[in-house]
Structures are given as C-alpha cells and as structure tokens.
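What follows draws every value from the coordinates through simple rules; no lab data is involved. A quick note: this is a predicted structure, and the numbers were derived from the prediction, not measured. Positions of Cβ are generated from backbone atoms using ideal geometry, with glycine treated the same way; all protein chains shown enter the neighbour counts.
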Amino acid sequence: MAQVHFRGATKRYGAVLAVDRLELAVADGELLVLLGPSGCGKTTVLRMVAGLEEVDEGTIVIGDDVVNDVAPKDRDLAMVFQSYALYPHLTVAKNIEFPLRQRRIEGEDRRRRVAEAAASLGLTELLGRKPAQLSGGQRQRVALARAIVRDPKAFLMDEPLSNLDAALRVQTRADIVALQQRLGTTTLYVTHDQVEAMTMGHRIAVLRDGVLQQVAPPQELYDRPANTFVARFLGSPGMNLVPASVTEPASVTEPAPGGVPAPGAAPVPVGPPGDRVDLALAGGRLALGGEAALLARKASSLVVGVRPEHLAIDPAGALGARVVIVELLGAEVQVVCALDDGTQVVVRQGADRPRPAAGELVRLAVDSGALHLFDAESGVRLAVGP
C-alpha cells in the first residue's frame, strides 16, 4: 500500500490540454473517485499513474518514489478495465494466476493466492470455467481477483461497472467497496456515474476539462459545492440553478400610534439596513437575510441554487411555475416545472403527495435555509444555507 501524489501533473495531446497542473494527494488506504463527464481527463489521470501516458510537466509520486520515468511493469500497480480484458482460452483459475506467473511466483504459493482471491470474491466454484461460460458480473469479479492476487501498492479502476446492467452494478459496487475495506489498498476509481461516486468514495475529485474543480467527502460535495458545475453534476437530478438579481426588500409605511399609517409617511425597509435583501427570480421573489444577504449585495449578478428536495408544490409558495412533466419513480415523484423565463426546475416529493398534471399552474415553496448562492460570471459559490 502507498500514497499517490500528483504535483502539478500535466498532460497535453498536441494543442489539447487533457490534464492541467493537477494537485491531488490520495491517502494510503483511501478509495478516491475521479468523477467527471466524458472527455474531462479522468482516464488520462489514471493512465498517467499507471505509466501508460507520459507526464509532460510535474511529477507523480507513489509512496516515496517519483515514478515519471519508471516503466509500467515496475510500478507495482493493478489495473481493472471496463472491458474485463480476460483471456478467452484460459480458465478462471489461469486468468487469475496470470500476473503471478509473470512474476515467477512458485507453484504452491501461486495456487494458495489464487484460491484466496477466488474465495474472497465468491469464485471458488467457477475456477474451472472459461470466460464465455460466465455472466458479466462474474467476469468482472474475475478481473478484480486477478488484480488483488498481486497484492499491489494501489488499484486503478477505469469504469469497471459500465458494462453491467443496473442490478449487477449495485451488487458489484458493493462487492468492490467491501473488498477495498477488507484489503485497505489505496484505490483510484474512475467513473462518470455520480451515484457510484457518492456511494463508493471516501472522497471524490471532480474534474472538468482537465482541471480539478473540488475534492472532498461525498456529503460535503453535495452540501457545499464549490461552483455551479459541481452543484449541477452532483445529485440525481442535479441542483436547480436559476438566474437572480438583488433588489431591496419590500417596504412598509411607518405606522402611527395605534397601528394606523401616518399620513404622508415615507416607506421604511423591514429589518436592519443591509441585513436583508430580496432575490428577484422569474416567477417571484425570495427573501434573504444574514450573512448571505451581505454576500449577495456584493455580487454583480447571481445564480440561485436549490436541491430538488428543498422545493415543494405549495399554494402559498413564493414562485409561480407551470408543470412540464411528472415522473413517477416508485417511492418518489419528480415534477419538472418551467418558470416564467423558461428555466426548468425539478421538485422531488413523496409518491403519497398530490400530483399535479402537465400544463397545470402551480406555486413553489423554497426552503430559504437551503439556498445556495453563486456568482453568475465565475460560477463560484458565495454562500450556502445550513
């Protein structure tokens, strides 16, 4: 086992900057997920660690050793691919023991390690079969057994579940998590599936166009996204993002003694000056107070973020919207609504709640304590509710 450090690691393909000055430390025994859309550079990062891609700038350190010029076979890493990469003419046992034969491990020790790896992944009864006789989930477990049999410094996993159906993905990701916890081996896991990332990783590193956006434990990423890209990418569905502008809060007239407004009295803001603002969105206004209000005043333009579970269909809600589609997902319902300017937002509610019909006009209530504020120009988070 070993730590893995990226220190300004950069990779170019001609004029394309695939990975841009990556600074990232993977702790000994950690399962770190590299997450991002296709083409963001996450597989390139994995291949740089493996030695399959050269580092153009910066360094990669495994344990205490800089490995930029170390051959892939000498890095003591095990890689699990999306495509299984099993030898079709060899049995399960022969596939698992193949890396041990390459390292000239003696026969008895080799058989013992194959048996232990197979037992740990429930493959003992399948050792005599060939890959064509196995299901997709069984083939992926053989690929995992072939990786762990070497007892490497680190595992590198490149979207190993993408070829499996939904049920097998759930089971196999649980198997991988349990295996990693039992072995305690440093693991870099690449995926574009944020559900895999949220359920598997000790921490998640989010990449976009080769640039690290944020690295943090899953719940912290969900609760405090660093920018609008992370906010939208994390969550199923992602965070609702709505353009907004800051306005002064609604005013009232100075009341006379007895509660009757004084004739000709000037309107005065509710609350201490600067302690409250209103956010004008398509479809309505939202009141904002405290530190978030002070931050909002300083921004030239804003984007308001709110998770689907923090919206509710309520006749007394602050925002008006029209229902676009209602999606029933078993225990919950997702209601897609359009605001006045066409911006779509998703409301997540229990299946037992009344369901509106497509085309119906509704009001949306917002949990103001769960609002996220982002700078519209940079996308950087300004504030978030508790």
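Axis angle, to the nearest 10 degrees, between helix 136-148 and the longest C-alpha principal axis of the chain: 70 degrees.
On a per residue basis, the convex hull of the C-alpha atoms belonging to the chain measures out at 189 Å³. Compared with the dominant Cα axis of the chain, that is its longest principal axis, helix 166-183 is turned about 70°. The label point for ARG297 and the one for ARG12, both projected 7 Å from the Cα toward the Cβ, are 4.7 nm apart. Which of ASN68, LEU32, LEU52 sits farthest toward the positive end of the charge dipole of the chain, with +1 on the Cβ of Lys and Arg and -1 on the Cβ of Asp and Glu? Of the candidates, LEU52 comes out farthest on the positive side. Debye-formula intensities of region 4-223, expressed as log10 I(q)/I(0) at q = 0.08, 0.09, 0.14, 0.15 Å⁻¹, are -0.28, -0.36, -0.86, -0.98 (one equal scatterer per alpha-carbon, no solvent). A cut-off of 5 Å between modelled amide H atoms, ignoring neighbours fewer than 5 places along the same chain, links ARG12 with ALA18, ASP56. Modelled this way, with points 7 Å down the Cα-to-C-beta line, the labels at SER135 and VAL380 are 5.0 nm from one another. State, to one decimal in nm, how far the label point of SER368 lies from the label point of ILE325, with both points 7 Å from Cα in the Cβ direction. For the pair SER368/ILE325, the computed spacing is 3.4 nm.
Return an integer: the convex hull volume of the alpha-carbon atoms of region 1-79, in Å³ per residue. Display every interim value, and only then the final one.
Numbers: hull volume 7.2 nm³, N = 79.
Residue-normalised Cα hull volume stands at 92 Å³.
Our coupling estimate for region 70-82, obtained by passing each phi through the Karplus curve with A = 6.51, B = -1.76, C = 1.60 and θ = phi - 60°, is 8, 4, x, 5, 9, 8, 6, 10, 10, 10, 10, 9, 4 Hz, Gly and Pro reported as x.
With only Cα atoms counted, region 80-187 has Rg and Dmax values of 12.9, 40 Å. Among the listed pairs LYS11/LYS153; LYS73/LYS153; LYS11/LYS42, those with a Cα-Cα distance over 18 Å are LYS11/LYS153.
Give me the extension gain from ARG285 to PHE98: residue separation times 0.36 nm, minus the current Cα-Cα distance, reported in nm with one decimal. Walk me through the numbers on the way to the answer.
Working: separation 187, 0.36 × 187 = 67.32 nm, distance 6.48 nm.
Extending this stretch completely gives an extra 60.8 nm.
Phi angles across region 95-109 convert, under the Karplus curve 6.51 cos²θ - 1.76 cosθ + 1.60 with θ = phi - 60°, into 3J(HN,Hα) values of 5, 5, 7, 3, x, 6, 5, 4, 8, 6, 6, 4, x, 5, 4 Hz, Gly and Pro given as x. Averaging the sequence gap over all C-alpha pairs within less than 8 Å and six or more residues apart, then dividing by the number of residues, gives the chain a relative contact order of 14 percent.
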